[in-house]
Every structure is written in structure tokens, then in C-alpha cells.
Amino acid sequence: MSIINYIEKYRKMNRTLFTTPSHSQGEFISPDSIRLLGKKFFQCDYSELEGFDNLSDPKGIIKETLDNAAKIYEAKSTFFLTNGSTSGIIAAMLAILNKGDKVLIARNCHKSVYNALVLTGAVPVWIMPEYNPEWGIFESINYNNLAQILDNNKDIKALFITNPSYEGAMTDINRISYICKRYKIKLIVDEAHGALWNFHRALGIPAITIGADITVQSLHKTAGALNPCALLHIEKNSTVNPDDIQNALNLISTTSPSYPLLVNMESSIYYLFSNKGKSKIIELVKNIDRFIRSMKNTANVQVYSQNNDITKILLKVVNMSGFELSNILFDKYGIEDELANEKSVLFLTGLGTTKNKLKKLEKAIIEICKNNIRLFPDDDKNNSFVPIEPTVRYSPSQVWNKESQQIKLKDSLSRVCMEVIADYPPGIPLLMPGEVIKQEHIDYLSSSRENIKVLA
């Protein structure tokens, strides 16, 4: 029986509950919550009552749902994450890595990798993805560099990469997994932005179908679920033990998972797998294709289309910074993008992206180009980002409890950083605790901060 069906069945029993949550399935709801959320959301919010199963040791309705999800995703095991992809990334690394183990990580990773490094005690070895200065984004890993690093570090236990990138750039996972198997290391893929790939392979190929050991996907990013619904999948033939993942999740997750989130994940997966869901994705892709064709036919507009997931629309207007375009769209047209950089602007799309939304964006950009609309001064313009290869003095776990001090940024050259510094979005670390501060860091950060936390 599904979680949804069980809750519907349970509600008809009219039981009197002296349990958490204390709103008692909507007997009390604060007025603002009623106005914003309605009563039905609260009416499906239960604790782990008899028959409801338990996310930390699933044996009933949750286990049945997880088993069904694993079949849909062609996985050995699938796990529901009620604390987002962050919890999946941490659990994957906890399940594979021990204190002192080396892990190779692509530097365009999400900052949650830092949390995993602290908790595992693993030692990061960084690989810089290739950087595209024309768009201001990281792209794929250089495969020769990858092999060279693995040749020089025979004790690396795992590789962690992000695919697709925040901006949609894709890496050849098939080739990466081949290299990992050759060197006998585990491959973990942060596939947070690829949650539609299992249901429309033209968007991208799911990593666990081509050799990754573990993938993590965010259903809320493109697949229409609530924040922070996410999934973790183990590849069918991987030697990763599902019990190790479960134990890791139990270590970092709440003992009171949200049933509204579980219901939302279950229903989202079943919808995506249905004919209606697949038709919805096809419709979304069709609308995005039409939008991109229109933009490519618009003078002075360029669209990023180099082996990318098209649900991440990255574009730029000639002779206009991404920051300026972003500000014009927001101030004049009421359109908010996901991310802007010096070169381009990113628009995330998903199941909730309608044809009308895309037409509004299309009309606005065409008008901006046609009428040469400008917005001066460009107050949000930052120093141009350049990729800075990290120099690791200590691993994050080694400096976790060490004393730190705040000093002036201008005085921090060659000191050891003691905080995660990352533009958010996308949450890619510029500096992490234990890394040496370089002049390039100071130059880039000088327009946004005066002080920085360093090792005392």
C-alpha cells in the first residue's frame, strides 16, 4: 500500500491521538498558516504511529514505496531525503569514506561537500573543471587531468563530481565511470539538477545507468516537488551496502521526518513515471526548445548550447553584463532569474514552467535588445570571477575545532581560511577552511567584504 493510500485509510478511522505533532492534524493551526497553507497540509502530518512505518528503519508502507521507487529508477536501492540533496551527499560520503581517506572532488561542487569532509575526516584532493570565460561557468572535467591525478594518488578512495553543473553543463559520465573502475574507486555524482533525466533521456543520461555508484537528485529543483525533497540512488551492481547508507542517514537526519514531504515525493515519482507525467515533460521540453530557437534568432542574444541540459537556460546579451540584464528584467519586467554573473544569466525551468512564463521572458529580452534598454549604474557588478586553484594546508576536519580570528581581508594574504566562502547561489566554494588565502581571493572578495576569518 502506498503512503498516500494508507493516510487516506487512516483518516477514516477517526482515532483520537495524544501524539506529536501537537497541532493534532489541524485541530490547531495558526491563522497565517491556514491562510497560506490551508488545512489539508496539516491533516496529513503524522508522527511514526503504528502502521505508519519509520524512515530510519523502513519495514512497511515506506519500504514498499522505496522498493517501488528503486524499480522506477533502475537502482539497487532508493532513499527518500527529507533534508535535501545535502543530506544525500553527506550520507554517500559517510558510507564510503573513513577518517584520513583521500577523496577526489571537482571544485564546482556544492558547499555541502564541506560538511561531509568535516564529518568523515576525509582529505580532499581537488580537480578543477575546465572554465569557460565567455560564459563565466565551469564545464566538464579534463579526462587526462583526472587520470594523471589518480596516477599520482593511488590511495584515492572515491571521486565526487557534479553533473549537470548548476548551469546545465554536462560531463561524460560513461567515460568517467570507466576511469573510476580502472582505478578501483567509487564514483559519487551530485545529480541534483538531473531529476527529470530518468523520464526523458534526451535531457541527460542518469549516472547510475552508466556506471556511477551513487547519485543524489533534488526533486524540488526541476521535478515539481516541495523544498527540500530529494532522493539517493545506489547503482544495481555497486558494492556500496544500502545498510551503510541507511546508517549514515540515521546519523544526520531527524527522527521526525515530515509525512507531507514523503507524500509529496511519492506522488511526484509516480506522476513522473506515468504517461501524464512523461507527456508533461515532453511539453516542457517542447516549450523550452521553442524559446531557445526564438532567442537564437534574436539579434545580440546568445544561448549556451554546448552539451548541456536545456532545462537550465543560460543566455547573455551582447555588450551587457549578466548583472545588468538581471537587474533590468527584475526592475522593469518583474522577472527574477536564478543566477547572474559577469557574463550571463541563468533561468531554471521545471514542471512548473509554463509556456506563458517563457513567452513573458522571451518578450522582455526581445524588447531589451530591440530598444537598447540600459540600466546605469550597474551597482551589482562584481569583480570578474576567475577560477582559483585551491592550496590545501589542512583538511576541513583538521581545523574544525581550531581557534580562529577575524582580520581585515587586505591583511589575509597567505593566512589559512577558517570559513566557507561561496557565492549563493550556486554555493560553489571559493575558499574552504584549511585553505591558503591567495591574492586572487582578496581581489575578488574586496568589493563584497572587509573581514575574513582565519586560523589564529
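The values are calculated or read from the model by the stated rules, or taken from the named source; none is laboratory data. In this text the structure is predicted, and so the values were computed from the model without any measurement. Cβ atoms come from the backbone with ideal geometry, glycine included; neighbour counts cover every protein chain shown.
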What are the pairs with Cβ atoms under 7 angstrom where one residue, in segment 398-427, is of a type in the set (F, W, Y) and the other, located anywhere, is not in a loop (DSSP other than H, G, I, E, B)? Sequence gap at least six, or different chains. W400/V118
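Would you check if L150 is part of a helix (DSSP H, G or I), touching a residue at least 12 places away in the same chain (Cβ under 8 Å), of a type outside the set (D, E, K, R) and within 20 Å of A212 (Cα to Cα)? Talk me through it step by step, then tell me what you get.
Values: part of a helix (DSSP H, G or I): yes; touching a residue at least 12 places away in the same chain (Cβ under 8 Å): yes; of a type outside the set (D, E, K, R): yes; within 20 Å of A212 (Cα to Cα): yes.
Yes, satisfied.
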Of residues in segment 185-212 being aliphatic (A, V, I, L, M) and in a loop (DSSP other than H, G, I, E, B), the one nearest to K157 (Cα to Cα): I185
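Residue by residue, here is whether (1) under 21 Å from T349 (Cβ atoms); (2) in contact with a Pro (Cβ under 8 Å, 6 or more places away or on another chain); (3) surrounded by 24 or more Cβ atoms within 10 Å (Cβ to Cβ) holds:
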| position | (1), (2), (3) |
| --- | --- |
| D155 | no, no, no |
| Y183 | no, no, no |
| H193 | yes, yes, yes |
| A202 | yes, no, no |
| I210 | no, no, no |
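Given the options K59, K39, name the one that is of a type outside the set (S, T, Y), in the same structural domain as T254 (by TED's automatic domain parsing) and loosely packed, with under 14 Cβ neighbours inside 10 Å.
Details: K39 fails: in the same structural domain as T254 (by TED's automatic domain parsing).
Answer to the selection: K59.
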Those residues of segment 17-36 which are surrounded by 14 or more Cβ atoms within 10 Å (Cβ to Cβ), under 30 Å from the mean Cα position of the chain (by Cα) and farther than 14 Å from Y259 by Cβ, in sequence order: S33
Tally of residues being crowded, with 22+ Cβ neighbours inside 10 Å and under 20 Å from L196 (Cα atoms) across segment 228-262: 9
Scanning segment 121-134 residue by residue, those surrounded by 16 or more Cβ atoms within 10 Å (Cβ to Cβ) and more than 20 Å from the chain's Cα centre (by Cα) turn out to be G121, A122, V123, V125, N132
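Say whether the condition of being charged (D, E, K, R) and more than 19 Å from K111 (Cα to Cα) is met by at least one residue in segment 136-146. Break it down into steps so the answer makes sense when it comes.
At the first step, the residues of segment 136-146 found to be charged (D, E, K, R) are 139.
In the following step, the residues that additionally are more than 19 Å from K111 (Cα to Cα) were identified as none.
No; the residues of segment 136-146 include none that is charged (D, E, K, R) and more than 19 Å from K111 (Cα to Cα).
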Across (1) β-branched (V, I, T); (2) touching a His at 6+ places or on another chain (Cβ under 6 Å); (3) assigned to a loop (DSSP other than H, G, I, E, B), T215 clears everything bar (3)
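In segment 62-116, which residues are basic (K, R) and surrounded by fewer than 21 Cβ atoms within 10 Å (Cβ to Cβ)?
Of segment 62-116, the ones basic (K, R) are 63, 71, 76, 99, 102, 107, 111.
If the condition is that a residue be basic (K, R) and surrounded by fewer than 21 Cβ atoms within 10 Å (Cβ to Cβ), then K63, K71, K76, K99, K102, K111 are the ones that fit.
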For segment 263-366, please list each of the strands (runs of 3 or more DSSP E) lying entirely inside it that holds at least 3 residues being free of Cβ contacts under 8 Å to residues at least 40 places away in the same chain, outside the structural domain of F79 (by TED's automatic domain parsing) and crowded, with 21+ Cβ neighbours inside 10 Å. none
Quick check: anything in segment 63-71 part of a helix (DSSP H, G or I), closer than 22 Å to Y270 by Cβ, within 26 Å of the chain's Cα centre (by Cα) and of a type in the set (D, E)? yes
Starting from residues that are touching an Asp or Glu at 6+ places or on another chain (Cβ under 9 Å) and assigned to a loop (DSSP other than H, G, I, E, B), keep the ones in segment 1-16 and report whichever is surrounded by the most Cβ atoms within 10 Å (Cβ to Cβ). S2
